[in-house]
Amino acid sequence: GYARKVAEMENVRKMRSLAFIDNKFTAKASIVQSFLPVMDALAAADNTYADSDNNKYTALSGNMRTALKELDVEEYTVEVGSIVDKRRVSISEEVYSDQYEKDVVISPVSVGLELKGNVIRLAECVVSLGSEAAAAAEEEAAGETGEGASSEEEAFE
């Protein structure tokens, strides 16, 4: 009985420790996410004054990126040909493609940011709508089904 109770208490202590660590990363991700607009503004200012001899925004945006790396923030990209995971990807454009099936990444647009599995910023990408011919066939089939329903509705009126 005693050894079992000691083991149970040790398991409870480990679970609390893991929950605390997870909460710590979630809180850190939330705080870092609030700084992203500042990072975007610094990047925009850096691009605006890139040709200027007195551009101090490059150092500021560099310092911001260094600080994020020290906080364990990592960039991630979406692989071409992978299926879209809406929890990690923002779709910037959808285009028809004979090469890729529907909801498959055609090309990445920008990288995403994450902190120990907590997504801070979604990666942006271009996604396939599938084949244009297949989409047209689906629309035609849906149109025929819709027409049949409307003629049945007219028959009841």
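See the values below:
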item	result
Options L113, N47, S97, ranked by Cα towards positive dipole end of the range 46-122, top entry (Cβ charges)	L113
Q33/T66 FRET efficiency (R0 22 Å; Cβ-Cβ; nearest 0.05)	0.75
Over the chain: helical MRE at 222 nm, DSSP H runs n ≥ 4 each giving -39500 (n - 2.57), nearest 500	-19500 deg cm²/dmol
Neighbour cut-off at most 11 other Cβ (10 Å), DSSP loop, trypsin sites (Lys or Arg not before Pro), the range 1-102	K56, K86, R87
Carbon plus sulfur fraction of accessible area for the chain, probe 1.4 Å, in percent	53
Read-out volume of the Cα convex hull per residue in Å³, derived from the coordinates shown; its label in [x] 120; [y] 135; [z] 262	[z]
Under 17 Å from the Cα of K5 - lysines, other chains or at least 8 residues apart	K14
Distant alpha-carbon pairs in the range 1-59 (separation over 14 angstrom), percent	72
All lysines inside 21 Å of K86 as judged from Cα atoms, apart from same-chain residues fewer than 8 positions distant	K102, K116
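The values are calculated or read from the model by the stated rules, or taken from the named source; none is laboratory data. In this text, all values refer to a predicted model and were calculated from it rather than measured experimentally. Counting neighbours? That spans all protein chains shown, and the Cβs are built from the backbone with ideal geometry, glycine included. These area figures cover heavy atoms from the full protein model, side chains too; ligands, DNA and RNA do not enter into them. Shrake-Rupley method; radii C 1.70, N 1.55, O 1.52, S 1.80 Å.
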